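Worksheet for the structure shown next.
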Amino acid sequence: MGGRWGEKAESVPNVEDARSYLAKRRPELILLDVIMLGVVVAYCRELGGSPHRDIPVVMLTDVKANAHDRSLEAGADDYRGRSASMMR
């Protein structure tokens, strides 16, 4: 899908597919939509110890109040809340 300024956004449905994707490609940014906080936090920590650790990671979520702290503690570079309406 082409972005407004020509960027290309690609998505994968789960962590296993994300691992496969990163084995073949090197994105400029990783955006993690946090639906299952524990799974995504663990994956963010995994990224921090991988060759992809220099790619910025942003977590996007509307779940639990402590998601912000857990995201940053896991190594995310930034965190953004989203409203439930963004899911439509």
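The values are calculated or read from the model by the stated rules, or taken from the named source; none is laboratory data. Owing to the predicted nature of the structure, the values given are computational and were not obtained by experimental measurement.
For this structure, a couple of remarks:
- Failed item, numbered, when residue 57 is tested on (1) among the hydrophobic types (A, V, I, L, M, F, W, C); (2) modelled with pLDDT under 85; (3) within 21 Å of residue 19 (Cα to Cα): (2)
- In the range 31-54, the residues that are at pLDDT below 80 and small (Gly, Ala, Ser): 38
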